[in-house]
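See below for the structure under consideration.
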Amino acid sequence: MSLEHEAGRYWNLFFEEYLGKLTRLGHGGRGYKTVFTALGGAKVYVNPVNELNHYHIEFPATAVDAMPREVLRGFMRELDYRENREGSGYKVTRLDFAWDYINCSPSDFMAAVQENRIRTLAKRSTLKFDSSPMQEREDGGIGADTCYLGASSSERRIRLYNMHGFNRLEYVMRQDRADAVAREVLKFDVERWGGLAVPHLRDYIDVLAEPESGDLADWWEELIQEVPRAFLTVTDAAEVELLRLQMWIFKQVAPAFSVLVDCMGEGVLENVRFYGSFRDRSRYEHLLKNIKPEDFSPKIEQAIFA
């Protein structure tokens, strides 16, 4: 069985129900000759340029949110089974854990680091703060901040931001660290993931109430105790992508387009659609392949005009 066929078989078995069919792109990327894409920004890379015998699957946050966590657990157990029984190895090269609605803002977290109210393996010199005071957040508010602790090239990093409108803390792991933690956490029952993830987070950082004290900050205590709330959201990947595409059109194109309609009449609508159908639409091929008009959900339109 070729690696491309094997990757496709796994995709059909575990992920197609939630992320749609794979669509081959007309180019390679990231050191691979062939790239497939699907809903939620998921990608499968096969036929590496260096001829090594492997393929690579990438799930961004949007794709992960669209799948029941049991699917990821089942996939990890299948990979583990094949490794133990058939010697077919695997490696997780990136793993992010996220906690939402925490009671700490990016600026509060930066202050905790600056005031030495943390116990961490990260170097304080890696503290970084990005602020976009005029950027619109996803909740409609203005001003988005992100605080980082840990080098971007290191195996572990903390990122705390409010772009979604609430405070989210992410623990980002790469390479050997990501692989080791994924093997310890993702093969077990989903209900245990939160409790299994927190010790790894605390192995890297603890946030204290006062410098050099043994007491944890209240918000940190709350985060590590309320672990069952983590990892539970499941969204629809198709709806998320359509919503983002329409929101981009509404914000960037709609004003100019409305002027065309007012000046030239509604016939311009069909002209634009007809012209667009003959342009290069390959970047949207995975949407055309997986979503039909009868699948369109009223929830998308309601979200746009809410």
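Computed from the coordinates by the stated procedures, all read-outs in this text should not be read as laboratory data. Because the structure is predicted, anything quoted here is derived from the model rather than measured. Note that we place each Cβ from the backbone using ideal geometry, even for glycine, and neighbour counts take in every protein chain shown.
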How do 6-15, 47-56 rank on mean C-beta neighbours within 10 Å, highest first? 6-15, 47-56
N271 versus E221: modelled label distance in nm, points set 7 Å from Cα along the beta carbon direction: 6.7 nm
Using θ = phi - 60° and the Karplus curve 6.51 cos²θ - 1.76 cosθ + 1.60, what whole-Hz ³J(HN,Hα) does each residue of segment 104-111 get, with Gly and Pro shown as x? 8, 7, x, 5, 5, 5, 4, 5
Gain in length, F166 to L52, computed as 0.36 nm per residue apart minus the alpha-carbon separation, to one decimal in nm? 36.8 nm
Based on the Cβ-Cβ distance from I142 to E184, what FRET efficiency comes out when R0 is 41 Å, to the nearest 0.05? 0.50
Nearest-0.05 FRET efficiency for Y81 and H27, computed from C-beta distance (R0 41 Å): 0.75
Highest average packing first - 67-76, 271-280, Cβ atoms within 10 Å: 67-76, 271-280
Could you pull out the GluC sites (Glu not before Pro) across segment 98-140 that fall in loop regions by DSSP (anything but H, G, I, E, B) with no more than 11 other Cβ atoms inside 10 Å? E115
FRET efficiency, S152 to E4 (Cβ-Cβ, R0 45 Å, nearest 0.05): 0.90
